[in-house]
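Data block below; observations after.
The values are calculated or read from the model by the stated rules, or taken from the named source; none is laboratory data. Quick caveat: nothing in here was measured; it's all calculated off a predicted structure. Cβ coordinates were reconstructed from backbone atoms using ideal geometry, including for glycine residues, and neighbour counts include every protein chain displayed. We work out accessible area using only protein heavy atoms, side chains counted, and drop any ligands, DNA or RNA first. Shrake-Rupley method; radii C 1.70, N 1.55, O 1.52, S 1.80 Å.
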Amino acid sequence: MRRKIVAYVLTAALSVGLLAGCGSSGKGNKADNSSAGKGEKTKVVFQTWNPGESEWAHLAEEFKKDNPDIDLEYRFVPDSDHYEKLKVDLAAGDAADVYGMQLGANYSAFRDFEADLTPYVQAQYGDKWADQYNSYALSMLKTDKGGYYALPLGLTYAGFAWSNDKILKKHNLNVSENEKLEDLKKLCKTLREKGEYPLAIGAKDSWVNIDTWMNIANDINSEKLYSALDGKTSFEDPDLVRAFQIWQECFSDGVFQDGATGVGMYTDTTNPFETEGTISMCLNGSWECGVFLKTDEQTHKEWNGEGAHHTAFLIDWNNDGKAAPVQQTVDVALCMNKNTKNPDAAYRVIDWMLHRGQDILVNQLLQYCPSRTDLKLDVQGLSENGKECLNFIMKQASDHIGGYREMSNVDLKQALADELTNLALGDTTPQKAAAKIQQTSESTR
């Protein structure tokens, strides 16, 4: 699939003669501004889905203060359209100078249009520049040849579940930080009998389905999960088939809400959980903790008002007494368009976002967990309940990680997404799903 995407963009780009790279040799933090002598600003376009428009409002003025010589145009494009727009704009020679990137398949697919950022960071911070970043984050971004074509803006962790304890308390119910699946099934049955939602999931979205299945598989056997993703272990291995079975049983046994495959996470599921307070439990990652800092009146009241309380917890999917480990990822990385006309100014945007920008995104907005080792986690305005949840999340991030979240094989990812949906609908069996995914794995190696 990477070859298909690159071929599409290359063919179109060749037709308009855009393939000559314009990358700089990496002169640190000095802008390449041919208009500087005339007192004009250097324009840089930044396209991303994350940070979103509401978060950008907190960043824009601070960036202007720190970089008065750069005219930064922020373009928000939803995640569903971001990469398609990049493909089209790269072909037309009108792509953003800096753009957000997701790890895995997309990072690999756009490689021919990503500038190697290593010379820039080395020039500015020296040979030990990598020490300022989380080693895992950099390991996921480092290429086989040693270059870094993106740098990490923030980390997130998948595998958490969240409860609205106000609803649970009303029925004399509760969850533990390590909830066994057998106990969760009983809890969901009771909630249904009380007219409440069980554990909610927006299963229309493949990303949350994959997150959840990987969390199940991590709980059963992390080594086999990642070996299968690398093509070394068959997806038909009994432990992985068991993970597919547990996933399917969450639908057939009523753990997940009825009609889950027809609703997305954002905002079909998150609005009732976060703002309306009508859902008792919800599957979502570490980023859910940022809801404690949302400022709209209704959400703020639901999460911080009188009687409000939420718990972040893990699930013990195989009932062995040990909670499933979480999956770690770089939530968004920043790339520079190899063909930018102002590479040094574009790098300055990236560098500002990774430092001052990340400070704001983490400690004022709690959009991510830090990707920098020198960034002290000191979130402003977080309630005591929010601090409890964040501390729990960071503890898991410190000593309870199963492995990475994003996979690089786009065809395998799609096959897994398709079969998880089929399992949820009851249209296949765990054994058949595993066999079909394994077939795709073998055909794309």
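Kindly indicate which of 402, 426 is crowded, with 21+ Cβ neighbours inside 10 Å and in contact (Cβ under 8 Å) with a residue 60 or more places away in the chain.
So the residue among 402, 426 that is crowded, with 21+ Cβ neighbours inside 10 Å and in contact (Cβ under 8 Å) with a residue 60 or more places away in the chain is 402.
Output the residues belonging to segment 39-61 that are closer than 19 Å to residue 348 by Cβ and either among the hydroxyl-bearing types (Ser, Thr, Tyr) or open to solvent by 50 Å² or more (accessible area, probe 1.4 Å) (or both).
We begin by selecting, within segment 39-61, every residue closer than 19 Å to residue 348 by Cβ; these are 39-48, 51, 56, 59-61.
Within segment 39-61, 39, 40, 41, 42, 43, 48, 61 qualify.
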- prompt: Give me the pairs: first residue in segment 78-90 and open to solvent by less than 70 Å² (accessible area, probe 1.4 Å), second residue assigned to a helix (DSSP H, G or I), beta-carbon distance under 6 Å, and six or more apart or on different chains, which are they?
  reply: 83/106; 87/9; 90/9; 90/113
- request: Search segment 204-227 for residues being acidic (Asp, Glu) and part of a helix (DSSP H, G or I), and hand back the single one that is most open to solvent (accessible area, probe 1.4 Å).
  value: 223
message: One residue is enough: does segment 145-157 have a residue meeting the conditions assigned to a helix (DSSP H, G or I), open to solvent by 20 Å² or more (accessible area, probe 1.4 Å), among the small types (Gly, Ala, Ser) and at pLDDT below 95?
response: no
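Right, residue 266: at pLDDT below 95, in a helix (DSSP H, G or I), open to solvent by 10 Å² or more (accessible area, probe 1.4 Å) and of a type in the set (Phe, Trp, Tyr) or not?
On the way: at pLDDT below 95: yes; in a helix (DSSP H, G or I): yes; open to solvent by 10 Å² or more (accessible area, probe 1.4 Å): yes; of a type in the set (Phe, Trp, Tyr): yes.
When the stated conditions are applied, residue 266 passes them.
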query: Considering segment 184-203 alone, what residues qualify as being outside any helix (DSSP H, G or I), in contact (Cβ under 8 Å) with a residue 60 or more places away in the chain and over 15 Å from residue 161 (Cβ atoms)?
result: 196
field: Qualifying positions in segment 356-387 - within 17 Å of residue 50 (Cβ to Cβ), in a loop (DSSP other than H, G, I, E, B) and of a type in the set (Gly, Ala, Ser)
entry: 371
- prompt: Got at least one residue in segment 313-325 being out of contact with any Asp or Glu (no Cβ under 7 Å at 6 or more places or on another chain) and crowded, with 24+ Cβ neighbours inside 10 Å?
  reply: no
statement: Among the residues of segment 228-263, the number that are open to solvent by 30 Å² or more (accessible area, probe 1.4 Å), among the small types (Gly, Ala, Ser) and more than 27 Å from residue 288 (Cα to Cα) is 2
